[in-house]
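Each remark here refers to the structure printed beneath this line.
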Amino acid sequence: MSVLQELGRGFGVALLPLNLLLAGAGVIIGTLVGMLPGIGPINAIAILFPITFAAGLPPESVLIFLVGIYYGSQYGNSISTILLNVPGTASAVVTAIDGHALTLKGESERGLAVSAVASFVGGTLSVVGLVFLAPLLSQVAIRFGPAEYFALMLFALTALSSLGGDDVFKGLVSLGFGLLLATVGIDPQSAVPRFTFGQLGLLDGIDFVVVTIGMFAVSEVLLSLERPDWTSEARKPIRMVWLKASDLARTGWTMVRAAVVGFFVGVLPGAGGTVAAFLGYATEQRLVDREGTFGKGDIRGVAAPEAANNAAANGSMIPLLTLGIPGSGTTAVLLGALTALDVTPGPMLMTQKPEVFWGLVASMYIGNLLLLALNLPLVGLFARLLQIPRWALMPGVAVLSVTAVFALNQSVFDVVLMIGFGFVGLVFRKASIPLAPAILGLVLGPLMEKNLRRSLALSGGDWGVLFSSWIAVLFWVMAVAFLVLPAIASRRDGGSIG
Amino acid sequence: MDRWIGAALVALALAVAVTAGGYEVGFVVDPLGPRALPYLVSGLFLVGGGVLVLRRISAPQVAAGPAPQPWRSQALALAILVAYAITLPVLGFVAGTAVASGALSKVFGGRFLPGLGVGLLFGVGLFSLFALGFGLELPVGVMFGQGP
């Protein structure tokens with residue numbers, strides 16, 4: 001069957017009333033959590049997953065909802081960025097440069113309109129890219145054996161550890177922490193209990209939800225106690241926004257080019273929305289900024305990063321869905337959710353569970369349309385929610401975190417464990433150790449160990465099997481390159497990369 | 001701070017390696033056994049922690065001025081959360097959530113009663129969603145006749 005026929009069937013799934021409702025709820029929640037500084041998509045997905053799981057929804061519906069939160073957050077993150085100069089999520093940092101300059105010039109509505117349309121262009125073009133690239137990648141991946149998978153996972157882990165922060169060693173420490181947590185519990189292959197300290201609650205291992213909510217959401221609540229409050233600055237009313245034809249003509253090609261850049265950056269593991277936004281902005285600055293207006297409130301300086309980070313979010317779904325390998329913290333949480341739902345993403349997903357794959361892709365088209373239709377008229381309403389006082393918002397996040405983990409197994413032990421991870425997350429953040437590699441290590445650790453041991457068992461203990469195909473060797477070379485190059489670069493210029 | 005974390009990681013690396021050394025090596029079909037991944041973790045901690053301890057700190061240390069004391073309110077928030085979790089089966093979900101929200105609101109510079117009110121709304125809302133919507137029992141609490 002052709003791609004378009006499959007996509008048509010996907011629309012049949014996505015247009016079911018339940019799935020339509022969930023896509024709408026997902027993108028609205030996504031817009032809100034993207035907009036509220038500190039509460040990113042990863043927190044929302046980790047907190048809401050146990051709740052949707054408890055509701056017993058079919059896997060494609062849960063996925064439509066959770067992924068809606070993910071790309072919806074890439075629309076919302078520009079609202080607080082443009083209005084308050086406080087990036088809603090890390091990938092909106094670049095938008096702040098020209099976005100907030102527009103607000104200072106009294107043109108915040110213009111900035112918000114450009115940002116919404118750029119997000120739509122980036123989001124929609126990248127779904128088109130996903131439809132055509134994903135089947136190709138699946139055909140390659142279907143030939144991967146355990147040795148290739150092991151090398152690919154190693155590459156994904158090292159790429160995220162070295163690109164995720166500005167210090168490759170701190171990335172590796174975080175990765176090690178995640179892998180350590182992954183070993184906790186009974187080893188499925190030798191039945192040896194590892195790092196359980198005689199605790200019954202640890203025999204089954206630690207649920208990724210407990211770790212993610214603790215390290216991300218609880219630590220964020222704690223960290224917000226030392227951040228300045230933004231709510232007092234959010235009082236200026238915003239009217240309904242609309243993009244003028246002249247502004248569209250001025251930014252149209254910028255959006256398209258930045259979407260392409262962002263999409264390919266998103267497909268690569270490790271890089272993600274923040275790098276995509278930087279590259280999209282830098283490319284446009286070089287190509288079109290002849291008058292030197294970038295940085296002074298140029299609408300193209302808003303269009304480029306917004307198109308790029310939305311495209312990157314959707315691009316990052318490709319390795320997750322076709323290879324089963326996430327390249328970022330958020331997609332790692334999605335992999336954990338899929339595994340819990342008994343869906344194994346990978347090259348077989350498209351043929352074995354077409355309703356999940358194509359239903360999700362179709363819902364992403366619909367979700368982007370919904371986001372555009374919601375964001376232009378309702379942005380003023382969203383912006384008013386930035387005034388929710390912190391004494392109400394942050395305890396709410398804490399209570400939701402506890403509820404979500406409790407709902408998982410009705411276990412007080414899990415909740416206390418989660419609070420402990422909240423403390424660990426706080427220490428990590430204060431020492432600027434990135435959190436995402438830990439989540440990726442936790443989710444990929446068991447898969448990696450299984451594939452390594454399987455390939456060595458098949459070869460009778462001969463390590464040469466790990467380098468026996470050119471694809472595996474290619475991944476090994478890339479993994480080593482990502483580890484070594486940033487270390488050399490940071491030695492040369494004494495710190496930051498890029 | 002890096003140096004302290006680095007030292008802790010090196011110690012953790014040794015502990016992990018020693019613990020993993022005690023795991024029985026698997027059978028012939030599994031040449032690698034359960035020790036390999038913990039050893040890898042130990043190696044990562046040793047390298048990462050060692051670098052954090054040994055390298056010269058290039059950035060100038062931030063001058064320790066009379067900064068506000070976030071640690072105290074953070075410790076307080078952590079304590080409230082732990083107390084909330086442990087008392088959940090006794091107090092029940094709705095009452096526990098309301099009290100915890102009120103206390104946390106105070107830590108965040110709000111007042112206790114409005115926080116309690118928000119928490120009560122949250123508690124009732126979530127409880128109804130779980131109990132009525134998903135058929136999942138959240139603890140009702142001793143007050144309403146449920147054993148802890």
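Of note:
- Residues that are within 17 Å of B:T97 (Cα to Cα), among the small types (G, A, S) and without any contact (Cβ under 8 Å) to a residue 24 or more places away in the chain are absent from segment A:406-424 altogether.
- Meets criteria (within 28 Å of A:E306 (Cα to Cα) and surrounded by fewer than 24 Cβ atoms within 10 Å (Cβ to Cβ)) for A:L20: yes
- Evaluated against (1) closer than 28 Å to A:G270 by Cβ; (2) part of a helix (DSSP H, G or I), A:G88 falls short on exactly one condition, (2).
- Taking the criterion of being within 8 Å of chain A (Cβ to nearest Cβ), surrounded by 18 or more Cβ atoms within 10 Å (Cβ to Cβ) and at pLDDT 90 or above, the residues of segment B:75-101 that qualify are B:A77, B:L78, B:L81, B:Y84, B:A85, B:T97, B:A100, B:S101.
- Against the test of being surrounded by fewer than 24 Cβ atoms within 10 Å (Cβ to Cβ), of a type in the set (G, A, S) and either out of contact with any Asp or Glu (no Cβ under 9 Å at 6 or more places or on another chain) or modelled with pLDDT of 85 or more (or both), the options A:A304, A:A271, A:A277, A:A282 yield a single qualifying residue, A:A282.
- The listed residue being within 13 Å of chain B (Cβ to nearest Cβ), in contact with a helix residue (DSSP H, G or I) (Cβ under 7 Å, 6 or more places away or on another chain), farther than 17 Å from B:T87 by Cα and among the small types (G, A, S), out of A:A383, A:A407, A:A431: A:A431
- Annotation for segment A:456-470: no member residue is under 13 Å from A:Y149 (Cα atoms) and under 25 Å from the mean Cα position of the chain (by Cα).
- Residues (of a type outside the set (A, V, I, L, M) and either surrounded by 17 or more Cβ atoms within 10 Å (Cβ to Cβ) or within 7 Å of chain A (Cβ to nearest Cβ) (or both)) located in segment B:112-131: B:G115, B:G119, B:F122, B:G123, B:F127, B:F130
- Residues in segment B:102-111 that are surrounded by 15 or more Cβ atoms within 10 Å (Cβ to Cβ), touching a Lys or Arg at 6+ places or on another chain (Cβ under 9 Å) and at the interface with chain A (Cβ under 7 Å from one of its Cβ atoms): B:S105, B:F108, B:G110.
- Residue within segment A:88-98 that is closer than 30 Å to A:V210 by Cα, within 14 Å of chain B (Cβ to nearest Cβ), out of contact with any Asp or Glu (no Cβ under 6 Å at 6 or more places or on another chain) and modelled with pLDDT under 90 present: no
- Being assigned to a helix (DSSP H, G or I) and either without any contact (Cβ under 8 Å) to a residue 60 or more places away in the chain or out of contact with any strand residue (DSSP E or B) (no Cβ under 9 Å at 6 or more places or on another chain) (or both) holds for only one residue in A:I29, A:I39, and it is A:I29.
- Exactly one residue out of A:G122, A:G178, A:G171, A:G165 is within 14 Å of chain B (Cβ to nearest Cβ) and modelled with pLDDT of 90 or more, and it is A:G178.
- When B:L120, B:L113 are checked against the criterion of being in a helix (DSSP H, G or I), at pLDDT below 90 and more than 25 Å from A:M215 (Cα to Cα), a single residue qualifies: B:L113.
- Residues that are among the polar types (S, T, N, Q) and either over 25 Å from A:R194 (Cβ atoms) or outside any helix (DSSP H, G or I) (or both) within segment A:148-184 comprise just one, A:S162.
The values are calculated or read from the model by the stated rules, or taken from the named source; none is laboratory data. Small disclaimer: the values here were computed from a predicted structure and weren't measured. In this analysis, Cβ positions are derived from the backbone assuming ideal geometry, glycine residues included, and neighbour counts consider all displayed protein chains.
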